[in-house]
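Since every read-out is calculated from the coordinates, none of them should be taken as a lab result. This one's a predicted model, so the numbers in the text were calculated from it and none came from an experiment. Using ideal geometry, Cβ is built from the backbone for each residue, glycine included, and neighbour counts are taken over all protein chains shown.
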Amino acid sequence: MNTVTDPHVIGAEDPLVVAGRAYRSRLLVGTGKYRDFAQTRAAIDASGAEIVTVAIRRTNIGQNPNEPSLLDHLPPSEFTLLPNTAGCYNTEDAIRTLKLARELLDGHKLVKLEVLGDPHTLFPNVRETIRAAEILVKDGFDVMVYTSDDPIVARELEAIGCVAIMPLASLIGSGMGILNPWNLQLIIDQAKVPVLVDAGVGTASDAVIAMELGCAGVLMNTAIALAKDPVLMAGAMKKAVEAGREAFRAGRMPRKFYAGSPSSPTTGLIG
Amino acid sequence: MFAIVLNGSPHRCDSTVTVADLVRELALQGKRVAVERNGEIVPKGRHGQTQVAPGDKIEIVAAVGGG
């Protein structure tokens, strides 16, 4: 079992624990598709996220050397950066990308693995994802893995040693919400590592539903970045994740098909 | 002068050049970048002693916005 080692959050109520480190926020956010770095930073601050994903790409040779960079606005001293393998379609590219990320971030081990299978749907290639996860875990990476919402695949990825299972709710960037809560429930019920919905959230109610199901957290990018007001939406998502988590912990009332029990006294009625 | 492939494009190098020289030439010194030479990571601490050779495939990457 993971132990909490971060002194800042020891004692914090109900932390998210990933790879032995505790976080107050259960909302993880991406950094793509924003208008500029200032908006990126403002939205992330409003979201309260502590873990933020970044992509690894070739530097633009010949560009203005004084051009600001993402990490000037999101310094690793303030955030847990989660390098991802977005855009990788095979194991080799994913591993290469994350080795570069580890070098870039001074030995940083926590990564998001995603190996895509199709450029139109961005559905994960599960076979390549499993292969890559095996190699990365053996190499010492702490792997948070994006995958389809298949409970058997989730179980295999956990057995390999991934530190978090991150099934899609619907397609990346689609904003279609949670299309198969039943599969997510199966994955959550069996997992001993955190399960986070990654991809498909469109608006705040989607995040609430994910958290009410018992997800440990939600990772999103487009739902915030492509909102008309990304900073306002980031705040809404923060509240949604918190509300959903509290409702999950509180335990919802049983569903009834017929209204059996009024909320007000049945005696002392006037007339 | 000799030719290498830098981030997928042809690039000319002076006769003796290290990875550190190349990073400096590109005005990337002090920036958060990672370098790969012919598929192998060149750790920051070895940039100064790693020679770039004709035909090398060099990748220099940075963190950018992504989901």
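For residue A:115, the residues whose amide H sits under 5 Å from its own are A:125, ignoring neighbours fewer than 5 places away on the same chain, with H placed 1.01 Å from N. For residue A:192, the lysines whose Cα comes closer than 23 Å to its Cα, not counting residues fewer than 8 places off in the same chain, are A:109, A:112, A:138. Distance between the 7 Å Cα→Cβ label points at residue B:38 and residue A:14: 5.6 nm.
Across the stretch A:52-108, counting alpha-carbon atoms alone, Rg and Dmax equal 12.3, 34 Å.
Farthest toward the positive end of the dipole of the stretch A:42-121, out of A:71, A:117, A:52, is the Cα of A:117, where the dipole comes from beta carbon charges about the Cα centre. For chain A, modelled as a GNM with alpha-carbon contacts under 10 angstrom, which of A:135, A:44, A:209 fluctuates the most? Among A:135, A:44, A:209, the largest GNM mean-square fluctuation belongs to A:135.
Phi angles across the stretch A:113-118 convert, under the Karplus curve 6.51 cos²θ - 1.76 cosθ + 1.60 with θ = phi - 60°, into 3J(HN,Hα) values of 9, 9, 10, 8, x, 7 Hz, Gly and Pro given as x. Comparing A:103, A:158, A:67 in a Gaussian network model of chain A, where Cα atoms under 10 Å apart are tied by springs, the biggest mean-square fluctuation is seen for A:67.
Excluding same-chain neighbours fewer than eight residues apart, the lysines reachable from residue B:57 by a Cα-Cα span under 20 Å are A:99, B:44. Computed extension gain for residue A:258 through residue A:229, at 0.36 nm per residue and net of the alpha carbon distance, reaches 6.4 nm. If r is the Cβ-Cβ distance from residue A:171 to residue A:205 and R0 is 22 Å, what FRET efficiency results, to the nearest 0.05? E(calc), rounded to 0.05, equals 0.75. Rounded to the nearest 10 degrees, the angle from helix A:37-47 to the longest Cα principal axis of chain A is 30 degrees.
Take every pair of alpha-carbon atoms less than 8 Å apart whose residues are at least six positions apart; their mean separation over the length of chain A yields a relative contact order of 17 percent. What the phi angles of the stretch A:231-243 give under the Karplus curve with 6.51, -1.76 and 1.60, with θ = phi - 60°, is a coupling list of 5, 5, 5, 4, x, 4, 5, 4, 5, 5, 5, 5, 5 Hz, glycine and proline written as x.
When the dipole is taken about the Cα centre of the stretch A:187-271, and only Lys, Arg (+1) and Asp, Glu (-1) are charged at their Cβ, what size is it in debye, to the nearest 20? Could the numbers behind the result be given before it?
Working: 9 positive and 7 negative charges, 43 e Å.
So the dipole magnitude of the stretch A:187-271 works out to roughly 200 debye.
Angle check, please: helix A:126-138 long axis (alpha carbons) against the longest principal axis of chain A (alpha carbons), in degrees 0 to 90, nearest 10. With both axes taken from Cα atoms, the answer is about 70 degrees.
Just checking the listed ones, A:113, A:213, A:100: in the Gaussian network model of chain A with Cα springs under 10 Å, the one fluctuating most is A:100. Shape analysis of the stretch A:137-271 based on the Cα gyration tensor places the equivalent ellipsoid semi-axes at 34, 20, 12 Å, largest first. Between residue B:12 and residue B:51, the C-beta separation translates, for a Förster distance of 22 Å, into a calculated FRET efficiency of about 0.90. Dipole size of the protein assembly as shown about its Cα centre, with +1 on Lys/Arg Cβ and -1 on Asp/Glu Cβ: approximately 300 debye, rounded to the nearest 20. Our estimate of slack between residue A:58 and residue A:180, defined as 0.36 nm per intervening residue step minus the Cα-Cα distance, is 40.3 nm. Axis of helix A:181-190 versus longest Cα principal axis of chain A: the two differ by about 80°, to the nearest ten degrees.
Taken as Cα centroids, the stretch A:182-209 and the stretch A:39-88 sit 25 Å apart, rounded to the nearest whole angstrom. Neighbours of residue B:36 by Cβ distance under 14 Å: Lys/Arg scored +1, Asp/Glu scored -1, total +3.
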